[in-house]
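Take a look at the structure below.
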Amino acid sequence: TNPGFVVRITQAGLDYAHQHSIAVLEKELAQLKLPDISGDFRIRPVGKVRYEISRLDLRSFHLPHSRISLVPNVGLQVAISNAFAELDGNWRVKLHFIRDHGSFDLNVENVYIKINLKLGSDASGKPTADTADCSTRISKVRVHFSGKFGWLYNLFDRVIEPRFRNILQSKVCEIVASSVRSELQPYLRTLPVTARIDATAGIDYSLVAPPTATAQSLDVDLKGEFFSLAHRSAIPFPPLALAFPPDHDRMVYFGASSYFFNTAGFAYHTAGALVFEITDSMIPKGVEFHLNTTTFSAFVPQLEKMYPDTPMKLRLSAPSAPFLTIGPGGLSLTPVVDIQAYAILPSSSLAPLFLLGLTSNVSAVVDVKSGHIVGSLKVGRLKLCSFPFSLLQVRTLQSIMNIFASSILLPRLNARLEQGFPLPLPDRIQLSNILVRFHQNFLLLGADVQYQPR
């Protein structure tokens, strides 16, 4: 199934996310708890030496050099090089009648860590991440003991260093796996797979497949489908394939297909939300006519006889869901609107008068504000498509309807579109440096990302 919405994270976006992830991992490693160590070794012909290492305190763990790479069809790989750590602790030794204790400093240098991340999705359509593989290699461990028996400490050094190396190598990958589970995975789950828009509709942003790594980007295919909150109906048209351009100037790109927008029209139409009513009180001041039978008797003379000087109401509705198209020139649609005219009787009941069919070319301006796709509509001149009137009456009616559309209907629609529809963003992400481009069958949005820590 083709996605209705695609998120593309470029190498620049991965590098930015990597900076923050490494900072988190560095803090996690700095809190690494090491166990006490004890044992013995034999010195010929002196005898057996008993030792204890305790109160190990890791003062710092630095990851100065690291990079993240895309592994096509697999996931992501993080390589860390020349990392180093510093720790201290207490020691105690016993050799026959010789007993001594003190403190020591230990420097771990040239630490190399390689982490493979496997990306997927769960049953709810949320992204998942797990550590597929982790390896650590430590090339140098240096211990400096304080005390007066130098020859003994040198022997002690050669025994202790390998034990520290093995413990640290295993503990580092434990911390990496734990950090992925406790930090990365919960953060990925903040991606909203369903977003409530208003009392009528929501958006389904669930993943339709696991994220795909290519040589240049990480692509995430989302359902990208609006739905009615009251009753979710099957969409009667399929999403089309999106031919993403090879743009990589921004950290992240969003591809919103025509399917994405057309499911919005379908959802709101199915929910009965594409109905608007116009009464005389809504006509702007300065307009020289009123919405009553006296005005419209010029087109339907019998109105004045049947309902003299009676207020009217116009109910605008779409007989079918509006269907828009997206091309290099922009976003446009040609909706058909039915206008049912009513007389408002003294009892407040409505008497149907006549039905008009109108059509118009509509274009849209699209932007991104505060993580939302926002827009505004521009309506061309309305045209009557079904009418039993003369040419002069048609022109006059179209002028009246254009006033209603431009001064009443359009401001209401644009006020709603200005609120926008949320983009699929995890927590604490802000977008900047926005790019908006139109392509065949989809809208391309590019942006740089800024993460706001708690």
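A compact table of results
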read-out: Residues located in segment 78-98, provided they are surrounded by fewer than 16 Cβ atoms within 10 Å (Cβ to Cβ), part of a strand (DSSP E or B) and touching a residue at least 40 places away in the same chain (Cβ under 8 Å); value: Arg92, Lys94, Ile98
read-out: Val6 at pLDDT 95 or above, outside the structural domain of Asp133 (by the TED database), crowded, with 17+ Cβ neighbours inside 10 Å and outside any loop (DSSP other than H, G, I, E, B); value: yes
read-out: Filter result for the condition that a residue is of a type in the set (Gly, Ala, Ser) and open to solvent by 60 Å² or more (accessible area, probe 1.4 Å), over Ser317, Ser281; value: Ser281
read-out: Strands (runs of 3 or more DSSP E) wholly inside segment 121-235 that include at least 1 residues being in contact with a strand residue (DSSP E or B) (Cβ under 9 Å, 6 or more places away or on another chain) and at pLDDT 95 or above; value: 127-145, 201-204, 217-222, 225-228
read-out: Residue within segment 286-301 that is surrounded by 22 or more Cβ atoms within 10 Å (Cβ to Cβ), assigned by the TED database to the domain that holds Ile344, in contact (Cβ under 8 Å) with a residue 24 or more places away in the chain and over 25 Å from Ser406 (Cα atoms) present; value: no
read-out: From Leu14, Leu32, Leu25, Leu117, residue being part of a strand (DSSP E or B) and touching a residue at least 24 places away in the same chain (Cβ under 8 Å); value: Leu117
read-out: Where Arg67 falls short, out of the listed (1) open to solvent by less than 40 Å² (accessible area, probe 1.4 Å); (2) assigned to a strand (DSSP E or B); (3) more than 21 Å from Gly89 (Cα to Cα); (4) in contact (Cβ under 8 Å) with a residue 12 or more places away in the chain; value: (1)
read-out: Residue check, Leu409 open to solvent by less than 50 Å² (accessible area, probe 1.4 Å), assigned by the TED database to the domain that holds Asp367 and within 18 Å of the chain's Cα centre (by Cα); value: no
read-out: Qualifying residues in segment 119-133 (those that are touching a Ser or Thr at 6+ places or on another chain (Cβ under 9 Å) and surrounded by fewer than 16 Cβ atoms within 10 Å (Cβ to Cβ)) - the one nearest to Lys48 (Cα to Cα); value: Gly120
read-out: Breaking point among (1) touching a helix residue (DSSP H, G or I) at 6+ places or on another chain (Cβ under 7 Å); (2) crowded, with 16+ Cβ neighbours inside 10 Å; (3) outside the structural domain of Phe442 (by the TED database), for Asp219; value: (1)
read-out: Selection within segment 12-28 - open to solvent by less than 50 Å² (accessible area, probe 1.4 Å) and touching a Leu at 6+ places or on another chain (Cβ under 6 Å); value: Ile22
read-out: Residue within segment 376-395 that is within 28 Å of Gln440 (Cβ to Cβ) and either open to solvent by less than 40 Å² (accessible area, probe 1.4 Å) or of a type in the set (S, T, N, Q) (or both) present; value: yes
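Results for (1) touching an Asp or Glu at 6+ places or on another chain (Cβ under 7 Å); (2) assigned to a helix (DSSP H, G or I); (3) more than 30 Å from Met306 (Cα to Cα), shown as yes or no for each residue.
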{"site": "Val374", "(1), (2), (3)": "yes, no, yes"}
{"site": "Leu377", "(1), (2), (3)": "no, no, yes"}
{"site": "Thr396", "(1), (2), (3)": "no, yes, no"}
{"site": "Phe404", "(1), (2), (3)": "no, yes, no"}
{"site": "Ile408", "(1), (2), (3)": "no, yes, no"}
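The values are calculated or read from the model by the stated rules, or taken from the named source; none is laboratory data. It should be emphasised that the depicted structure is a prediction, and the values quoted were computed from it without experimental measurement. For neighbour counting, all protein chains shown are included, and Cβ atoms are generated from backbone atoms with ideal geometry for every residue, glycine included. For the accessible areas, the whole protein counts, side chains as well, though only heavy atoms, and no ligand, DNA or RNA atoms are used. Shrake-Rupley method; radii C 1.70, N 1.55, O 1.52, S 1.80 Å.
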